[in-house]
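Since the structure comes first, as structure tokens, the remarks are kept for the end.
The values are calculated or read from the model by the stated rules, or taken from the named source; none is laboratory data. All values reported here derive from a predicted model rather than from experimental measurement. Cβ coordinates were reconstructed from backbone atoms using ideal geometry, including for glycine residues, and neighbour counts include every protein chain displayed. Accessible surface is based on the protein model in full, side chains and every heavy atom, while ligands, DNA and RNA are left aside. Shrake-Rupley method; radii C 1.70, N 1.55, O 1.52, S 1.80 Å.
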Amino acid sequence: MSSSLPKRVMAIRDPGDVLSGCVLLVASLFLLFYLIPNYISEPPIMQSPLMSPRWLPRIVGGLMLLFSCLLIVQGLLVDNTDKEDGRRIEKGPRLRFAMMVAALVVYVTLFEALGAVISGILATLILFAAHPVRTWWVYSLAFVFPAAVAFVFVKVMNVPLPLMPF
């Protein structure tokens with residue numbers, strides 16, 4: 001016996017988006033429901049829920065969950081076969097990749113020794129040099145952003161960061 005209702009099969013238009021969205025969805029669910037509750041402890045007396053050590057990881061996990069669902073929906077609805085599609089990945093030179101890795105290594109290794117601001121400035125300058133940033137005033141942002149981020153973490157969120165080596 002067959003039904004007269006038409007069956008609509010939804011084709012995946014961009015399997016790369018759907019696959020990466022599914023991977024991010026699993027990672028965000030793992031973060032939200034296993035890592036945060038089991039590995040980030042919360043003090044018994046909490047003055048404000050915004051001061052909880054779980055607050056920022058929950059925000060990150062929730063945003064990951066939201067954007068992974070949006071990426072899956074995009075992969076189901078948006079066709080990625082057009083030659084003029086701006087989402088196509090263009091591989092850059094190997095030197096750019098090496099400089100990006102060097103920026104990460106500089107930031108991680110010099111964070112304790114030089115502080116968050118100076119290591120952030122050095123890493124941002126390396127990242128700007130790795131990419132085709134040729135406007136001189138943009139390099140001033142390499143000094144402003146690390147200082148602003150360190151200020152927000154230390155003064156607003158009360159995270160003890162090593163700011164300067166002296």
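Data table
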item: Count of region 47-58 residues which are free of Cβ contacts under 8 Å to residues at least 40 places away in the same chain, open to solvent by 80 Å² or more (accessible area, probe 1.4 Å) and either part of a helix (DSSP H, G or I) or on the phi > 0 side of the Ramachandran plot (or both); result: 4
item: Residue match in region 70-89 (condition: open to solvent by 80 Å² or more (accessible area, probe 1.4 Å), at pLDDT 90 or above and assigned to a helix (DSSP H, G or I)); result: yes
item: Enumeration of residues in region 109-123 that are surrounded by 15 or more Cβ atoms within 10 Å (Cβ to Cβ) and of a type in the set (Gly, Ala, Ser); result: 115, 116, 119, 120, 123
item: Residues of region 117-166 classified as polar (S, T, N, Q) and assigned to a helix (DSSP H, G or I), total; result: 3
item: Residue match in region 101-108 (condition: modelled with pLDDT of 85 or more, out of contact with any strand residue (DSSP E or B) (no Cβ under 9 Å at 6 or more places or on another chain), surrounded by 16 or more Cβ atoms within 10 Å (Cβ to Cβ) and within 30 Å of residue 26 (Cβ to Cβ)); result: yes
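This table checks each residue for (1) modelled with pLDDT of 90 or more; (2) in a helix (DSSP H, G or I); (3) open to solvent by less than 90 Å² (accessible area, probe 1.4 Å).
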site	(1), (2), (3)
4	no, no, no
7	no, no, no
18	yes, yes, yes
27	yes, yes, yes
34	yes, yes, no
45	no, no, no
